[in-house]
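Read through the structure below, which is laid out as C-alpha cells, and then see the notes.
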Amino acid sequence: MTRSPACAVGLVLLGCSGLIPGKHGGHAEERARPERPERPERDGRGARPEQQGGRPKGTVLAESPLPNPVPVSAFALGLNESVSIPARLVRGMSIELQAAELVKDAAATVSVGARLVRGHTGAYPSVSAWDLARSPDRLRQADAWVAAVQGAGLEPVMMVSPWPGNDTGRVTDHYLPDDMAKYGAYVQALVERYDGDGIDDMPQLRGPVRYWEVDNEPDLKNSMVARGAGAPYDAASFCTPAEYAKVLIASSTAIKAASSEARVLNAGLYRPFSEQGSGYFRDVVAVPGALAAIEILSAHTYHDDLDGERLAVGVRNLRFYAPTQPIWVTETSLGTNAQISAEDQGRMVATFTARAALEGADKLFWHTLADPPADNVTEAMPMFGHSLFSTDASGARTPKPAAEVYKNLAAFLASHDLNGCVPDGDGAVKLRDGSVLLYAGSRLVITEGASLRTGAAFKPGDNAVAPAWVR
C-alpha cells in the first residue's frame, strides 16, 4: 500500500531506512451457552482493491503463493512455537544458522500434519515494539521465520505487542506504551512488511501473513508479577483490562490500516475457565470498540483434568461474551508426570480437540513440537514434558504417543470437518458426515475406522478403543 506518514514513522522506528532481508483457581460458574450462530465462510482471500496509480494490490514477489491457505472457520490443527529457537541458543547464532534451524523445525511441523504455526514475541520471532526499538536487526528473525513457515506450506500466525509477550514486567513497570502513536506506527509497519501487496514487502514473501494476534495472556500479567522482574510492582494495576483494551484497539486499527484482509486475534487468555480470566475478558470487551477490534477469539488452556472439561468451560466462557466471533484455542497441551502417562497425554490430544470443537472452536494449537533435552534445568521448566517429541542429548527427536495421535488425527481431519459436530454418547462426537471421533472408552465398529494411536485400520465388528475414529 502507499506508505502513510504513520507507516513511514514505523519504518524509521524499526530501523528500516535500510531493511535487511531476511527453538520453546477453579471452574467458572456455569452459564447458559448461547446457540452458535451461523457464520459465513471467511478465508481472508477475497478480491483486493488495486492501489491507485501503482502495483495492483495482491501482487507478491515470490514464485508462488501459499498452496493451501487455511480458512478462518474450517477446523484445523496447529502448533504453538514449533518453529522457534530458545533465546539462550539464539545468542551467538548467525541469522543464516537460525534460518537453517527454522527450516528444519518447519519440516518437522509439516511431518505431523500441522496446518498452522503460531509465533510469539516473547519467544521467536522476538519482534515486539520494545525489542525492535532496541535491536532493529531482530526484523531479520521475523523474515527468516516467515520464510521457513511459508516455505513449508504452513499458515503463519504472527504477534504484535508493545513489550515481549511473556514476562512483560521484566522490562517495564507500566503496560501502556509511552507514545501510542509511535506504537501504532510499529504495528502498521510490521504488518505492511508481510501483507503480500508488493509494496514494502519482505523480499521473497510467498503470500500475506493473514492472522495477527495482539500480545499474550494479559490476564496473567494482571494477576502475577513477572518472573525476574527487576523491581516490585502491583500486578493488579499492571495491564488492566482497560489498558489492554486500549492496546488492542490501537493494534487492530493499525493492522487493518496496513491490510484490510488481515484478521485480528486478541491476546490468548491464560485462565478463561476461571472467574479471574473470564472476568478479565468481560471487562476488556466492555470498553467501547474492544469487541469490534477482535475478529477471532484466542484462548489458552493448560489443565491436567483427563476429560477436557476445563478447556470446554474456558471456551464456553469466552463465547458467552463474544457469541459471533470464531474462536481458536491458540495454546493447549498436557504434560506427562507421575500421575499422567505418555498414553494419557496422547489420548488427550483427541480429547482436547473434540471438546474444543463441541464448544464451537475452529482451531487448536498444541504446545509444542519438541521438549528440549532433559537435564536438571530443563526438567524444572514449567512446560517441560508437554511436547509431541522428546529430544536426547544429541538433538535426536523421538515421537511420543501424543505425536502419533496428533499426526493420525490431522490426517483424519484433512477429509473430515469437525465443525458442527455433536455429542454422541460418552467420550465421542459425531461429525456431519456420520463419522465418530472417539476420545474416551471404546465402541463397536460398524463399517470402518482406525486407531489414532497406531493408525491401524479397523474392520466391521472390531472393538475400537480411544483414541480412534469409527463409522
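Where a number appears in this text, it was derived from the coordinates with a stated rule and is not lab data. Predicted model, so just to flag it, every value in this text is computed and none were measured. Positions of Cβ are generated from backbone atoms using ideal geometry, with glycine treated the same way; all protein chains shown enter the neighbour counts.
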### Query
Assuming R0 = 56 Å, what is the FRET efficiency of Asp137 and Asp307, from their Cβ-Cβ distance, to the nearest 0.05?
0.75
### Neighbour-count ranking [beta-carbon atoms within 10 angstrom, fewest first] of Ser94, Ser84, Ser442, Ser73
Ser94, Ser442, Ser73, Ser84
### Message
Based on C-alpha coordinates, I'd like the Rg and Dmax of segment 421-471, in Å.
### Response
9.6, 25
### Whole-Å distance, taken between Cα centres, linking segment 112-153 and segment 383-439
26 Å
### Task
Let me have the 222 nm mean residue ellipticity of the chain computed from DSSP H runs of 4+ only, each contributing -39500 (n - 2.57), with the sum over all residues rounded to the nearest 500.
-9000 deg cm²/dmol
### Query
Once amide H atoms are placed 1.01 Å from N in the peptide plane, what residues at a sequence separation of 5 or more from Ile327, or on another chain, have their amide H within under 5 Å of its amide H?
Leu297, Asp362
### Message
Just to be sure I understand: of the beta bridges DSSP finds with both ends in segment 312-471, what percent are antiparallel, rounded to 5?
### Response
80 percent
### Query
Long-range amide H contacts for Ser435: which residues qualify at under 5 Å (H placed 1.01 Å from N, peptide plane, sequence gap of 5 or more or a different chain)?
none
### Task
With viscosity set to 1.002 mPa s and temperature to 20 °C, compute the Stokes-Einstein D of segment 108-213, Rh being the Kirkwood radius across alpha carbon pairs; µm²/s, no decimals.
149 µm²/s
### Summary
Placing each pseudo-label 7 Å from Cα in the direction of the beta carbon, Glu379 and Ala87 end up separated by a distance in nanometres of 2.5 nm
### Query
Between segment 300-328 and segment 185-246, what's the alpha-carbon centroid distance in Å?
22 Å
### Query
Scattering from the C-alpha atoms of segment 87-150 alone, worked out with Debye: what is log10 I(q)/I(0) at q = 0.12, 0.27 1/Å?
-0.30, -1.27
## Note on the structure
The relative contact order of segment 421-471, taking Cα pairs under 8 Å that sit 6 or more residues apart, comes to a percentage of 34 percent
### Message
Can you say what percent of the DSSP beta bridges in the chain, counting only those with both residues inside, are antiparallel? Round to 5.
### Response
35 percent
